[in-house]
């Protein structure tokens, strides 16, 4: 068999363990060719016409716009160059992944068709750097015997082998297999990285479709945890070596080594993901090894880590009920419960979620004199099926090849008390406001945090803040020019004006291929007497619903979905919601941040679409519908 993957032999098995279908089969036989044929037959029998779904649309290429166009993409996906992706049965290459992002249809390992409804505007295939080189080593006829044995065992992985490698990955430092001499190993790894950069360059088409040279840095944590980061480069001027978890034991080491090797004109940024699975490390003041952050470390993080991936296939990392919030929307596509006393893993700590990190930044600003956690928010998929951006509920084929193949398997309950793959979701998208669709413009917008996250649909969201906005702003023909001129867009900071309340201009538009909008909310957090507090306001609601003065909430929508075919109720919700919202409660001396959260009317969840495919009732362990969302990057108001 041709090896088309880069395998992080130790580290990436810890990543692989995060996939619950694999977990449920650790003691089961390896899937044989007969098993695969059976899965193909089951997939072929599915009714793909059992529900309403849009036809694929052509790509849109708007002209450059100094006020910004919104571009949708995925900055976190995997091809068969990632070991976990390969072992799950994915054989689609990084080249094919970019073709999928541009709208081509492909088949999963069992023949399920995967195709985006609308092509992406940009993408980064972020394969795991820890495994770079094994592809080349396994194809080298002069490879050492240890490598040959390793390659053979990967073809037929056993539970014992899997767990042994996972244990090696969690060691500090992690232990990896030697691929010949250190010089040979380094040469193999450089070859994989050069191939990735070359493929990205070949698919990059300024103005039409943007790709980024990128990879994932992937240190594992116990019990499927992770403290991973995607590394994105501004151009193809990149280091010859991709820094992995074998080279850099912590994020601080990663930033130092990248800063040393990525010299001008090379530029990079890093994007942490899955804060919800970091066991509290995402926004803690120390590294995986307990080393405390220094002021210099915080400053480096602020410089190179402007955005956080807060929504993806492994859950929503916005916030968690019971951890500083009673916000009911924090339960949306949640993956873990909050930690109980004495619980160390498989739960959410107070420093796990994005909102927690943003609050931590407010307190750090008072301690350090600057806020190192002023970050923007994006979504992505983390798909391991070479289908970046495939976040539509109706097209979800799981994210782990053969082990999430066929609707019946995706709908199956967890074995031996384990959690089912039903808890997953198709992932989200990154939205970037930039004047044009080029690497340089998109990268600069990411650095400026002029970005937002969606849970998978293409809601358009503008968010501005200022102290000089006048009441008629939303109806002005030059509203955008005025919003920029008299204030700041999402991702930026306002200096507090004594005696004045900030105003926020919000403009949301529906995804034409999904449901209308329900409402837009403002999430606010601030410091008061050394403590952080928060509030959530319904800023504008569809169908004329007004927020109650006491609860700050509108009456809930009654819009419905026909679960027999997934059509939404006609005439409900809004195609567009605009408002100018003023904060009635900001007090002098408070540091605060605000972000907008858009909520759609309900649509069918992927599990309901799969149920229709196989002719059964939707599972009662997860909601039958989902209210897709978008989250802006914050705007900060600083009194310092």
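The values are calculated or read from the model by the stated rules, or taken from the named source; none is laboratory data. Bear in mind the structure is a predicted one, so any value in this text is a computation, not a measurement. Heads up, the Cβs are rebuilt from the backbone with ideal geometry, glycines too, and the neighbour counts pull from every protein chain shown.
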From 233, 246, residue being assigned by TED's automatic domain parsing to the domain that holds residue 119 and closer than 24 Å to residue 97 by Cβ = 233
inquiry  = Residue under question is residue 35, and the condition is that it be outside any strand (DSSP E or B), under 23 Å from residue 229 (Cβ atoms), outside the structural domain of residue 603 (by TED's automatic domain parsing) and modelled with pLDDT under 90; does it hold?
reply    = no
ask   = Only one residue in 364, 373 is touching a helix residue (DSSP H, G or I) at 6+ places or on another chain (Cβ under 6 Å) and either at pLDDT 95 or above or not in a loop (DSSP other than H, G, I, E, B) (or both), so which one is that?
value = 373
remark   = residue 322: passes all of (1) in a loop (DSSP other than H, G, I, E, B); (2) in contact (Cβ under 8 Å) with a residue 40 or more places away in the chain; (3) closer than 30 Å to residue 590 by Cα but (2)
Among (1) assigned to a strand (DSSP E or B); (2) within 22 Å of residue 371 (Cβ to Cβ); (3) more than 26 Å from the chain's Cα centre (by Cα) - the single one residue 524 does not satisfy = (3)
key: residue 59 being at pLDDT 80 or above and either over 24 Å from the mean Cα position of the chain (by Cα) or assigned to a helix (DSSP H, G or I) (or both)   = no
ask   = For residue 423, all conditions in the list (1) surrounded by fewer than 24 Cβ atoms within 10 Å (Cβ to Cβ); (2) not assigned by TED's automatic domain parsing to the domain that holds residue 300 hold save one; what is the number of the exception?
value = (2)
inquiry  = Looking for something within 24 Å of residue 70 (Cα to Cα), within 16 Å of the chain's Cα centre (by Cα) and at pLDDT 95 or above - is there at least one such residue anywhere in the range 340-353?
reply    = no
query = Taking residue 566 and the conditions (1) touching a strand residue (DSSP E or B) at 6+ places or on another chain (Cβ under 9 Å); (2) surrounded by fewer than 19 Cβ atoms within 10 Å (Cβ to Cβ), which numbered condition does it fall short on, given that it satisfies the others?
reply = (2)
